[in-house]
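The values are calculated or read from the model by the stated rules, or taken from the named source; none is laboratory data. The model shown is predicted, which means the values in this text are computed figures rather than measured ones. Every residue, glycine among them, receives a Cβ derived from its backbone with ideal geometry; neighbour counts consider all protein chains shown. The protein model used for the area step is the full one, side chains on, heavy atoms only, and it has no ligands, DNA or RNA in it. Shrake-Rupley method; radii C 1.70, N 1.55, O 1.52, S 1.80 Å.
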Amino acid sequence: MATRTSSRHAAQKAKEAISTSAEPTGKTSKGTKRKAAAEEVPQPKKEKTEVIKPDEAPKTEEAPKAEQAPKAEEAPKAEEAPKAEEAPKAVEAPKAEEAPKAEEAPKVEEAPVKPEEPSEAQPSKEQPIKTPPEKPQEIEGGLRKSEERESVVSSTILEKGFIYFFFRPRVNVEDPHSIGDVARSFFVLRPTALGAEFDQGQGPVDKDASCRLMMLPKKKFPTSAKERDMGFVEKAGQSMQSLHEKFIAGTTYQTATRGERHTEEARPYAEGVYAITSTPRASHLAYILTIPAELGALQEDFGLRERGSWIVQSKNPKFAGPPVGQLPKEPEFPPSVLEKFGDLRWVPLQPEFLDYPNSQFLMIGEAQNDLGKAASSEGGKQSHEEEPGQELEKMGDENEHRVEALLGDETVYRDLGFHAMSYRKLPTTWNG
C-alpha cells in the first residue's frame, strides 16, 4: 500500500510539474507581441530539465499529457517574435523624424509674410490717388480721354476739336494792309475724340494729329443768313507738320515774264474750339475763339467774332456746281458715302464727307457772338446727356486755361508746330 501511495504521489507531482511548466509558456506567447521574447526563450530549456525528473516515475498513463508540452513548444510562436522584430517598423518612428516637416514650421514663420502683404496692399489704397491721371487714357494727338465725359456728350455732336484760321497774303505782299491784300482764306479742323478733355497741364497739342485743310476762296466768312460761301477740302488726313511743310510755308519760283516771284507763308490769325452738330433739318459748325485774347479789326474783317456758328451743307458730286465753284476733279467718294446723298444736290454735312479732298461744302451765316441753333439739340439728345452748347463752353474754358498756362496768344504757333520766336506777335490789326 505504501508503494502505491508513493507512486500515485509521484504521478501527481509529475502532473503538477507538467502543468506548472506549461502555464508560463502560455503567458509568454501572449506577452511576446509587445515585449521582446528573448527573456523567456530559455524557459523551454528549464521545462526540459524539470520534465526529466517526472520521467523517473515508472509508468504513468498521464505522461502523454506531458507530451502536451509541445504546446509549450508553441513558444516558437513566440519565436514569431521576429514579427515583433517587425517592430523595426516601429523604428519607422523616423517618420517621426519627418518632424522636419514640423521644421517646415519655418514656412509657418513665413506666414507672417502674408500678414505683411496686407500692409503692402495698403499702398493700393493710395492707388486711387494715382488713378485720376490714369483714368484718362492717351488718344491720338496726345489728348486725354474721359469715359465719363464722353457719356454725357450730346449725341447730336457729330465731331469736336480744335480750329485754326489762316490767311495768305498776295504774291510779293509782305505786309498786307487790308483784306484786299489777302490771296485766300482757309481754316484747319483738328478733330479729337468726343471724350477728349484737357487742362492747363496739357501743353501744346500734338503736331502729328490728323487734320483737314479747308479752303474758302471768297476769303471772308458769311456773317448773315443772306451770305453764302462755297468752300472745299484741299487736303485731308494730313498732320499739321505736313501741312506746314507742303502748303503753309512760303515758296519762291521763277516766271517767264515777271521773273522771280515769292508766295508768302500762310499766317495764323485765330485759334479756338469747334463742334459739328446735327439738328433734324441741318448741320451746324459752331466755334468759340481762345486766341487772340482780344479780337481786333483783322479778325472782324474776316467775319469772326468771339463765338459764332454757320449752317453747313455738303454738295452731291453727281451734280455740277455753279461755274465759279467747279473743281477740276471730283472727290473720290466710296459707294457707301454716295448713297447718303441719294438724288439730293445738297445734304446736311457729315464729318466723313470732309475726309476726301475736293469735297465741296456750303457755309451759310447763322449766328455771331452766339452759338445759335448749334447749341441746342432740339430734343435729339438722350435724357442723361448735356446740350451741345454746354460741351462747347467746357471746351472753351479748358482751352483758355491751357493757353494761359503756356504762351498766351503765341501758343497758336506752338500748336501749329511753328517756332514761335521766329514770328511776330499774333496780328489783330492790319499794318499801316
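Quick notes on this structure:
- Filtered by the rule that a residue be in contact with a Lys or Arg (Cβ under 7 Å, 6 or more places away or on another chain), assigned to a strand (DSSP E or B) and open to solvent by 10 Å² or more (accessible area, probe 1.4 Å), region 192-211 gives Thr192, Glu197.
- Entirely in region 234-293, the strands (runs of 3 or more DSSP E) that have 1 or more residues that are closer than 30 Å to Ser155 by Cα: 267-278, 283-291
- Some residue of region 196-205 being closer than 20 Å to Asp415 by Cβ and either free of Cβ contacts under 8 Å to residues at least 40 places away in the same chain or among the aliphatic types (A, V, I, L, M) (or both): yes
- Residue match in region 342-350 (condition: over 24 Å from Arg307 (Cα atoms), over 35 Å from the mean Cα position of the chain (by Cα) and crowded, with 18+ Cβ neighbours inside 10 Å): no
- Between Ser377, Ser336, the distinction of being free of Cβ contacts under 8 Å to residues at least 12 places away in the same chain and hydroxyl-bearing (Ser, Thr, Tyr) belongs to Ser336 only.
- Only a single criterion out of (1) under 39 Å from the mean Cα position of the chain (by Cα); (2) closer than 30 Å to His401 by Cα is not satisfied by Lys235, namely (2).
- Cβ-Cβ under 7 Å pairs, at least 6 apart or on other chains, region 153-171 side free of Cβ contacts under 8 Å to residues at least 24 places away in the same chain, far side acidic (Asp, Glu) and open to solvent by less than 10 Å² (accessible area, probe 1.4 Å): none
- In region 249-298, residue modelled with the lowest pLDDT [restricted to those that are under 25 Å from Lys160 (Cβ atoms) and of a type in the set (S, T, N, Q)]: Thr279
Residues are listed down the side, and each one gets a yes or a no for (1) part of a helix (DSSP H, G or I); (2) out of contact with any strand residue (DSSP E or B) (no Cβ under 7 Å at 6 or more places or on another chain); (3) more than 25 Å from Ser309 (Cα to Cα):
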position: Phe333; (1), (2), (3): no, yes, yes
position: Phe353; (1), (2), (3): yes, no, no
position: Pro357; (1), (2), (3): no, no, no
position: Met363; (1), (2), (3): no, no, no
position: Gln382; (1), (2), (3): no, yes, no
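- From the list Ala236, Ala256, Ala266, the one residue that fits, being without any contact (Cβ under 8 Å) to a residue 24 or more places away in the chain and among the aliphatic types (A, V, I, L, M), is Ala256.
- Where Val171 falls short, out of the listed (1) modelled with pLDDT under 95; (2) of a type in the set (Val, Ile, Thr); (3) not in a loop (DSSP other than H, G, I, E, B): (3)
- Within region 223-247, considering residues that are within 29 Å of Ala367 (Cβ to Cβ) and hydrophobic (A, V, I, L, M, F, W, C), the one surrounded by the most Cβ atoms within 10 Å (Cβ to Cβ): Met240
- The one condition in (1) within 33 Å of the chain's Cα centre (by Cα); (2) surrounded by fewer than 18 Cβ atoms within 10 Å (Cβ to Cβ) that Leu392 fails to fulfil: (2)
Yes/no per residue for (1) within 23 Å of Ala375 (Cβ to Cβ); (2) touching an Asp or Glu at 6+ places or on another chain (Cβ under 7 Å); (3) open to solvent by 30 Å² or more (accessible area, probe 1.4 Å); (4) aromatic (Phe, Trp, Tyr):
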site: Glu147; (1), (2), (3), (4): no, no, yes, no
site: Val153; (1), (2), (3), (4): yes, yes, no, no
site: Gly161; (1), (2), (3), (4): yes, no, no, no
site: Phe166; (1), (2), (3), (4): no, no, no, yes
site: Arg170; (1), (2), (3), (4): no, yes, yes, no
site: Ala183; (1), (2), (3), (4): no, no, yes, no
site: Arg190; (1), (2), (3), (4): yes, no, no, no
site: Leu213; (1), (2), (3), (4): no, yes, no, no
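- Out of Ala367, Ala374, sole residue that is open to solvent by less than 20 Å² (accessible area, probe 1.4 Å), more than 20 Å from Phe186 (Cβ to Cβ), modelled with pLDDT of 95 or more and not in a helix (DSSP H, G or I): Ala367
- Restricted to region 249-302, and to residues there that are farther than 24 Å from Ala196 by Cβ and among the aliphatic types (A, V, I, L, M), the residue that is surrounded by the fewest Cβ atoms within 10 Å (Cβ to Cβ) is Ala256.
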